[in-house]
1. Answer with yes or no whether Leu495 is within 30 Å of Asp553 (Cβ to Cβ), aliphatic (A, V, I, L, M), in contact with an Asp or Glu (Cβ under 6 Å, 6 or more places away or on another chain) and surrounded by 15 or more Cβ atoms within 10 Å (Cβ to Cβ).
2. Considering only region 534-555, how many residues are within 22 Å of Ala584 (Cα to Cα), surrounded by fewer than 20 Cβ atoms within 10 Å (Cβ to Cβ) and not polar (S, T, N, Q)?
3. Report, ordered by the first and then the second residue, all pairs with beta carbons closer than 7 Å, sequence separation of six or more or different chains, a first member in region 468-490 that is under 17 Å from Lys513 (Cα atoms), and a second member that is among the polar types (S, T, N, Q).
4. Can you tell me which residue in region 493-513 is nearest to Leu409 (Cα to Cα), limited to those that are among the hydrophobic types (A, V, I, L, M, F, W, C) and in a strand (DSSP E or B)?
5. What about Ser88, is it part of a loop (DSSP other than H, G, I, E, B) and of a type in the set (S, T, N, Q)?
6. Please enumerate the residues belonging to region 416-442 that are crowded, with 23+ Cβ neighbours inside 10 Å and in contact with a His (Cβ under 7 Å, 6 or more places away or on another chain).
7. Out of the residues in region 42-58 that are within 24 Å of Pro335 (Cβ to Cβ) and surrounded by fewer than 20 Cβ atoms within 10 Å (Cβ to Cβ), state the one that is nearest to the chain's Cα centre (by Cα).
8. What is the residue count in region 336-378 for residues that are over 22 Å from the mean Cα position of the chain (by Cα), modelled with pLDDT under 85 and either among the aliphatic types (A, V, I, L, M) or under 21 Å from Leu37 (Cβ atoms) (or both)?
Amino acid sequence: MKRILVFSVFAFFLVFLLSRLTNNSPWPSDSASSSTLFSSYSSPLKSLDAATSYYVHESAILDNIVEAPLDYDYVARPYRLVSRLLESLPEPRYYDESGALLGSDPEPGLVSRVEYLLRLRSGLRYQEHPCFVRDADGSAYYAQATRLPKKAVSLLDFPRQGSRELRAEDFRLALIRLCDPRLSSPVYSNLSSFISGMRECSEQMRERLSAADVDFLDYRGLDFDGIEVLGEREFKLCLSRKYPQALYWLAMHFFAPLPWEALEFYALPQVRAAGFSLQNWPVGSGPYKMSRMQPNLQVLLERNQNYEGRSPEERQAPGSIIERIVFQYEREAIPGWIKFNQGYYDHSGLPSDFLQNATDFSGGGELQLSKELLAKGLEMHQSITPTIFYFGFNMLDETVGGSGESERLLRLALSIVLDYQEFIDIFLNGQGLPAQCVIPPSISGSCRDNPFVSPWDEKLGRSRRRSLDEARELMRQAGYENGLDREGKALRLYLDHANAGSSNFKAQFQWLKNKFASLGIQLEERASDLNRWRDKLQNGNWQLIFNKGWLADYPDPENFLFLFYSKNGTVQSQGRGANYVNYASPEFDRLFEQLECMLEGPRRQELIAQACELLQKDAPCCWGFHPAKVLLTHGWLKNYQPHDMSYGTMKHLRLDGKQRQKMQSSWNKPRMKIVYAAMLLFTLAGVAIHTGKNFLARRGQAEIVP
């Protein structure tokens, strides 16, 4: 009996002690109260090089390390540009062929040169980085291999670090680097049609690279008219023609300054052998710097001590800037969502699988958080994003492409049967809006209907998709009655993709297949790996693509219409252009070339409407949908504002670590009541058994006494 009681007391004490020590947090024990923001990403990181990075999840990291000359006001809506590295917003000066200064808004045909004068603020410094450490003669300190730390896994392992102020020449170097054909910068095609000397500079590079087996190219010796350096902190951006949207470029990380020392450092064989490059260790002047880079596990940023607030909103935000940011790689949505609900991530998207459980619809039909999540202090931020996902037809393909009437009618018939409201309801839990053309509703010039696919219905007060019978009639006119060509052969089309093995894609492909079958068309898939699929896009070796997306670079309709400008054709531009469907229309090009050079106004809106109607008529895409974005934040994350144009917003956020620690502790207490109850029952059972045995033993002894 004593042993049972001693064991029970010891077990109770041990369980109690373990309950105090139990911590299921994925982070170190002291992180909850620290000034550390915990975030995540779900797609592999391809590049954090400012010249090539073009994905949202990469920009969410990169744009907090590097800075562009301009930025967007964090709070103002509609979005408004503000100065970040410059003393003020630059204004264009227009010149004609003779060099004479023109007015503030001249006719585009009169303009042969545009100049923007940019003046850097004083005192802007780069983050501490080993590339800035120099010997007395000015040479790179770490050019001597013996000075490199052994088995360095972080640039912070380099014992000597340095810094310097930003210079005008750094912006010239960054822009020249976009011309390097080896990088295939995604913005080169668009920029080179405006910025003076970009194409000529790119040709110089091609000649030098072909003349010799050169791996490292010294950009400083190349001719380039696009930026004229006037002094340490002053330079001109020079355009060959009028383009008011050029200011938006200056808010993109492609225009972030690049120090020559960084290129020199990453070209060192021993540094390259250690695995360091601009792709994984960017150098910048932003509020944070890279501290740890494990792309398949975690990226850690730490505060750049050389950084000072650039804007009044940033400097006046209550509290201190966050010291560290953890970006954790979460391959699956469910684990990330569970950790967010436990308080281990500070913000999260809302996976569609959990939408119904996490939300309710108010009396007005508006989406709102469930009572359970509201009670936990969560906030919901939702909007229709300036994004489009479309179903694309390769306009170079003999069957679905081209400008012929038969091909056009075929594309329209398919656009009718691909009911994207149904797709949104089935696969996105209703979170999105069917697209009528390419421009999202948050950007001026968007369309409320598509007269060829879903015309406006006055009685319904909305657009109404044309019927299946109308689609079949278009098929007949196209020469494919009941899905058969004029020779009686069944029409077979091919969807090219890189989603093999995805269960979600399998369901979506079956949906597509059924829609095609309603017109008598056989849809087959041609799967390939991601690299092969990208090669297909660049070479035009595909027929149909599904859910190709585009997210606004800046809040102007031109940024979406340029996706169909013929000179941006992916094949024509050798992979540099974003016109992935290779659409080419002289009429559209004429409209686009007029509107892209105009200031905002009624005449420009007329041209935009004409361009959209032409796209709707030619149907190079089934326009797909604009997704809704639902973001959730915990109550301890302060000063959060959803922003669809800027990704360098971490500097505005503030954290209440004590509140986070308190809530995490409350939400993740070990459930010990059941354990204690089980142990109590075990003890009572042991006592009962022991007592019963003693009783029976005493009774047995009494029966045998004579």
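1. The answer is yes for Leu495.
2. So the answer is 8.
3. From region 468-490, the pairs are Leu468/Ser518; Ala490/Gln522.
4. Looking at residues that are among the hydrophobic types (A, V, I, L, M, F, W, C) and in a strand (DSSP E or B), I get Leu493.
5. yes
6. Gly432, Ala435, Pro440
7. Result: Val56.
8. Residues that pass the stated criteria total 1.
The values are calculated or read from the model by the stated rules, or taken from the named source; none is laboratory data. These numbers were taken from a predicted model, which means no experiment stands behind them. When we count neighbours, we look across all protein chains shown, and the Cβ atoms used for this are built from the backbone with ideal geometry, even at glycine.
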